[in-house]
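Scroll down for the structure; my scribbles are underneath it.
The values are calculated or read from the model by the stated rules, or taken from the named source; none is laboratory data. Computed from a predicted model, the values in this text were never measured in an experiment. Note: ideal-geometry Cβ built from the backbone for every residue, glycine included; neighbour counts use all protein chains shown.
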Amino acid sequence: MQAHNLGFPRIGAQRELKFALEAYWRGEIDRGQLEDQGRALRAANWKRQQQAGLDLVPVGDFSFYDHVLDHSAMFGVVPERFGWSGGEVDLDLYFHMARGRAPSGEPAAACEMTKWFDTNYHYLVPEVSKGQVFRLSSQKFFDEVREARALDIPFKPVLIGPLTWLWLAKVKGESFDRLELLDDLLAVYAEVLEELGALGAEWVQIDEPILVLDLPTAWKQAFEKAYNRLQAAPVKLLLTTYFGALDDNLGLAASLPTAGLHVDLARAPEQLDAVLDRLPAYKILSLGLIDGRNIWRADLDALLTTLDRTVERIGSERVWIGPSCSLLHVPVDLESETELDGELKSWLAFATQKLDEIGVLRRALTDGRAAVAEALDAARRAGKTRRQSPRTRRPEVRARLEQIDGSLLERNRPYPERRPLQRARLDLPSLFPTTTIGSFPQTAEIRGVRRAWREGNLDEHGYVARMHEEIAHVVRKQEEYGLDMLVHGEPERNDMVEYFGELLDGFAFTRFGWVQSYGSRCVKPPIIYGDVQRPAPMTVDWIRYAQSLTERPMKGMLTGPVTILNWSFVRDDQPRAETCAQIALALRDEVLDLEAAGIRAIQIDEAALREGLPLRRSQWQEYLDWAVRAFRLTASGVRDETQIHTHMCYSEFNDIIESIAEMDADVITIETSRSQMELLDAFVNFEYPNEIGPGVYDIHSPNIPTVEEIVALMRLAAERIPPERLWVNPDCGLKTRSWEEVDPALHNMVEAARRLREEFAARASA
Ligand code: GLN
Ligand code: ZN
């Protein structure tokens, strides 16, 4: 039996790597110093894992930016615009690919970034073109193996498998089937494995998480071809799958000629029996028992039962113990959390604690349970207090949840009947009303005020006064631009989820619970540990104040239940849908309080609704059903004349448009400007019935849109959607922009709307 790990967070318990990277990019430290920091982190992480009692420690999981980009660099896959002419892909070229800029100093678009499966980690998309050449072009991976060897770490190199890497790659230029590249790519993999063998690696972990996706037949066949070829390598391969069940790919995964198979039993515990049935006798089975995607302490007794059952079936020599996936997706060390209360802390396990859990399971099997009685007992006690604590189960919340019925999920009248009531009350122009998505520039000054208040250097009174000043400024600005529906600007919010989490019961916040999002960027997701309840209104005072400053309608601004859920660590002792409904009920109260305070329009942001889609298509509908239900539960209590907006930072709605329509928001604002409104086609084909604000300019770019550009985009939109149902607004919130950019952009946007109204009114009368 072996205990191992699949990957460890590289950012450092105090985000050491982040600070070193940023210092290097600012030119404050040199490359040698950055490399030293990397080496120190690797050594510390390896030691930590070895000390926890692991027999095999992953090597190659460290990255200065992103492990997918590391592989692209290793294969010499560098897009032409970076002006590379072969040789070693060095660290600076690597950073240019990640961050944009050609070595010549000319601007070059950074590689595209996108989410790694259903996590909040972003990888850099490999770009391949027809006739792509693959050549071993980086020694980083081998250097790290040598480093680990020199430190006497029992190492197990970790690679992304060829099919997963190729699946994640995007074709640039002339279109072709990227599977055509597989043979050439495999030649490089063969070389890499050869070298690893020469370096003394016995096992190599080869990650193929795409085996938990719905795969086209050609890709399944490619797996056979690829692994038949790699079979000749002088190392044993552990085919590693995670983030879900193998399902229809189980037969394939089990039969590929690799020495071992790793399966995710945290996400998909139910697959174990089928896996045991299909596993050939020559293979070892690595059980992904400890949840690598969440922060809860494991139920060790239950896991030992699973282990016993497995050992009985296939014998202990064939069983390995590990986490479900790399621990990259959880924070480093719970010990840093000195401010969490003891009870809550006893329920949690971060990466370091998860290593200990793996070590305990291993010892329980090899030395007997008595050898780890204390650890098992502690886990048992924590499980018990968590199950019984009044903080996790509030009878009032549960009773309310029981009482949800259809009437809470429906507006009184359908949209066509609500529309005239809302238009009359909101006093909007009959065509092309203008608005923004919520936030205005978050200047260093505003952040400073928030910090001073948090740290106790500014009292409540002073804080509110400063926020009011900022709100008044934002309102005045919007009136000057001539916007029709205003916002308060969100100066009091650090983050659209954290802000609400801090005001709701059932959420906890860590001090160092950072998880890498991309490159040097980290997020600190809230932890939803208990039943969610709203002790007091969260936004009403701010919005009421903002409304008092203007005659124009002020939009209430909330983050929706699905987004709050998807961007948090969620409790694992009840279905996600249930937790989501609890959040929805709390937000529903906020919506109704806003309405009672005289607010006539309320926006409920669902930025993360789409990214919450399950990896398997067959599970989409179930998710969409409860997600839409949660939104409706939040929104449907208002009177018909109150206008509900929602906002989503993307526009690929083709495959979920029916669910989007079922949310029944009166207005949806989305991102479309970069696609020249083409992405609106989803709404056209479906005949989306309500109002739409297709973003007219990309807020991620510092470019100022001209009046003409905006008019042209809206004309395209009006070819697709009846103009009386169109709004004019930016793509997303403006918090990352400066006032120097926002002033002219919004000025132009309002002017564009004015011209459009003239043009379309003339068309109507002609
Ligand atoms: N209301 C939020 C803002 O304007 C929305 C942010 C988002 O969609 N990501 O910042
Ligand atoms: Zn957005």
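I'd like to check something: does the stretch 665-676 contain any residue that is at pLDDT below 95, surrounded by 14 or more Cβ atoms within 10 Å (Cβ to Cβ), under 30 Å from V628 (Cα atoms) and over 24 Å from the mean Cα position of the chain (by Cα)?
no
Going by the structure shown, is T634 under 30 Å from A712 (Cβ atoms), in contact (Cβ under 8 Å) with a residue 60 or more places away in the chain and within 16 Å of ligand 1 (Cβ to nearest atom)?
Considered against the rule, which asks whether it is under 30 Å from A712 (Cβ atoms), in contact (Cβ under 8 Å) with a residue 60 or more places away in the chain and within 16 Å of ligand 1 (Cβ to nearest atom), T634 comes out as no.
Please count how many residues of the stretch 600-626 are within 25 Å of T436 (Cβ to Cβ) and away from ligand 1 (no atom under 16 Å from the Cβ).
Residues that pass the stated criteria total 1.
Do you know which residues across the stretch 286-306 are surrounded by 22 or more Cβ atoms within 10 Å (Cβ to Cβ) and either under 18 Å from D367 (Cα atoms) or at pLDDT below 95 (or both)?
Within the stretch 286-306, L300, L303 meet the criteria.
Identify all residues within the stretch 356-408 that are over 31 Å from the mean Cα position of the chain (by Cα), more than 28 Å from W320 (Cβ to Cβ) and in contact (Cβ under 8 Å) with a residue 40 or more places away in the chain; write none if there are none.
Residue satisfying the conditions is E396 alone.
When only residues in the stretch 409-445 that are surrounded by 13 or more Cβ atoms within 10 Å (Cβ to Cβ) and hydroxyl-bearing (S, T, Y) count, which is farthest from ligand 1 (Cβ to nearest atom)?
Among residues in the stretch 409-445 that are surrounded by 13 or more Cβ atoms within 10 Å (Cβ to Cβ) and hydroxyl-bearing (S, T, Y), the one farthest from ligand 1 (Cβ to nearest atom) is Y415.
To keep it simple, each residue is scored yes or no on (1) out of contact with any Cys (no Cβ under 6 Å at 6 or more places or on another chain); (2) buried (at least 18 other Cβ atoms within 10 Å of the Cβ); (3) in a helix (DSSP H, G or I).
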site: D308; (1), (2), (3): yes, no, yes
site: E312; (1), (2), (3): yes, no, yes
site: E317; (1), (2), (3): yes, no, yes
site: W320; (1), (2), (3): yes, yes, no
site: L328; (1), (2), (3): yes, yes, yes
site: K354; (1), (2), (3): yes, yes, yes
site: V360; (1), (2), (3): yes, yes, yes
site: A364; (1), (2), (3): yes, yes, yes
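Can you say whether T646 is of a type in the set (V, I, T), at pLDDT below 95, surrounded by 16 or more Cβ atoms within 10 Å (Cβ to Cβ) and within 15 Å of ligand 1 (Cβ to nearest atom), as far as the supplied structure shows?
no
Listed residues G173, G197; which is surrounded by fewer than 21 Cβ atoms within 10 Å (Cβ to Cβ) and at positive phi?
G173 is the lone residue from the list that is surrounded by fewer than 21 Cβ atoms within 10 Å (Cβ to Cβ) and at positive phi.
Could you tell me whether the stretch 225-247 includes any residue that is part of a helix (DSSP H, G or I), free of Cβ contacts under 8 Å to residues at least 40 places away in the same chain and within 30 Å of Q271 (Cα to Cα)?
Yes: the stretch 225-247 contains one or more residues that are part of a helix (DSSP H, G or I), free of Cβ contacts under 8 Å to residues at least 40 places away in the same chain and within 30 Å of Q271 (Cα to Cα).
Which strands (runs of 3 or more DSSP E) does the stretch 92-162 wholly contain that include 1 or more residues that are at pLDDT 95 or above?
122-124, 155-160
Can you name the residue in the stretch 49-83 that is more than 27 Å from the chain's Cα centre (by Cα) and of a type in the set (D, E, K, R) and is also farthest from P126 (Cα to Cα) among such residues?
The residue in question is D55.
Would you mind stating whether F500 is surrounded by 22 or more Cβ atoms within 10 Å (Cβ to Cβ), on the phi < 0 side of the Ramachandran plot and aromatic (F, W, Y)?
Answer is yes for this residue.
Which of the residues that make up the stretch 51-88 are out of contact with any Phe, Trp or Tyr (no Cβ under 6 Å at 6 or more places or on another chain) and closer than 21 Å to R26 by Cα?
Result: S63, F64, Y65, F82.
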